[in-house]
Amino acid sequence: MFIKKYIYNGNVFVTIVNEYSCPIDPFISNYINTHLSLKGTNTQIRYVNELIFILKFFKSQSLDLIERTSKNENLTPQEYQRFYEASFSNILLSSPSPDSNIINLAGKSFRNTLSANSRKKLLVSSETIRGRLRRLRDFIEYIHACFHTDEYDSKNNFHQYQKLINKIKNDESMFKGSYSYNPSDLYESVIPDEKFNELMRVIKPFSTDNPFKSSKLRNYLIVKLLIETGIRRGSVAKMKISDCLFHGAFNKISIYKDDDRDDPRINRPKHKTKNHVSSVNKRH
């Protein structure tokens, strides 16, 4: 499974394709480009990667999540528990084969040692775990809405469905607000002074150490704008000459949030904050 982005009629679409660049399922493509369409490109890609993890996991379990959901056959507690445990890792484990108990390559204590030593490498952040759980719940709810808009065939099935959704929500809440971060001193530079000074020396267009073969002046201006204005990288990537206000103090730049449908780039930059005007120090 791969992520593919393409432009049609001025709009950027994202889908999941197979090795032949064909969408793997119409419901998945519709979910991404309708249910997730209002998200920014980077956020949408993150959600699609979460969905890919989900689809790969259930494929490794020989379980078609869309087919099961369409038939109103909910995940069993055991099936969901296996997914929950897999969400803590970056490695997907296949279902045990019928002959898995015949061949024993190592003793139990040896396997436990391997597991303990590799755990730190396998574990992912709490934000990643919560994202995978949330994406599973959201995708199941979406598929249910596609196939079961009327009353359910069985009250028991509806009860089991609600029980599964509530279980996932409860597991999501366990990771809410548990992100780990270390606040920095406001006056402490993230980049050491010597590294920053070296960057400013190298990035100059006429520096013999400038690594760029072309567009040296443009790249220099990009770095200077980021430093002097503090605007987001997406704002710089969207900037046009017409956004520079060549009147008044001649030091203003217009920052806008609207998407440019004429932008030919597939990876169109996005700006998260509201429209505003940024200033550049006149001494620069």
Next item on the list: State yes or no: is Met200 within 30 Å of Ser37 (Cβ to Cβ) and either surrounded by fewer than 15 Cβ atoms within 10 Å (Cβ to Cβ) or at pLDDT below 85 (or both)?
Entry: no
Check: Given Ser60, Ser87, which one is surrounded by fewer than 16 Cβ atoms within 10 Å (Cβ to Cβ) and either among the polar types (S, T, N, Q) or within 24 Å of the chain's Cα centre (by Cα) (or both)?
Finding: Ser60
Notebook entry, point to check: Of (1) modelled with pLDDT under 85; (2) within 32 Å of the chain's Cα centre (by Cα); (3) surrounded by 12 or more Cβ atoms within 10 Å (Cβ to Cβ), Thr273 satisfies all except one. Which?
Noted result: (3)
Margin query: Condition first: at pLDDT below 55 and assigned to a loop (DSSP other than H, G, I, E, B). Can you find one or more residues in region 106-115 that meet it?
Written below: yes
Checklist line | Considering residues of region 146-197 that are exposed (fewer than 11 other Cβ atoms within 10 Å of the Cβ) and of a type in the set (Val, Ile, Thr) only, the residue modelled with the highest pLDDT | finding: Ile191
Item checked: Complete set of residues in region 4-27 that are aromatic (Phe, Trp, Tyr) and either closer than 17 Å to Glu67 by Cβ or surrounded by 15 or more Cβ atoms within 10 Å (Cβ to Cβ) (or both) -> Phe13, Phe27
Next item on the list: With the condition kept exactly as written, say whether any residue in region 16-24 is in contact with a strand residue (DSSP E or B) (Cβ under 9 Å, 6 or more places away or on another chain) and of a type in the set (S, T, N, Q).
Entry: yes
Notebook entry, point to check: Looking only at helices (runs of 4 or more DSSP H) that fall completely inside region 28-89, which ones have 3 or more residues that are closer than 17 Å to Ile3 by Cβ?
Noted result: 41-60
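The values are calculated or read from the model by the stated rules, or taken from the named source; none is laboratory data. Here the structure is a predicted model, which means the values were calculated and not measured. Quick reminder, even Gly has a Cβ in these numbers, built from the backbone with ideal geometry, and neighbours come from all protein chains shown.
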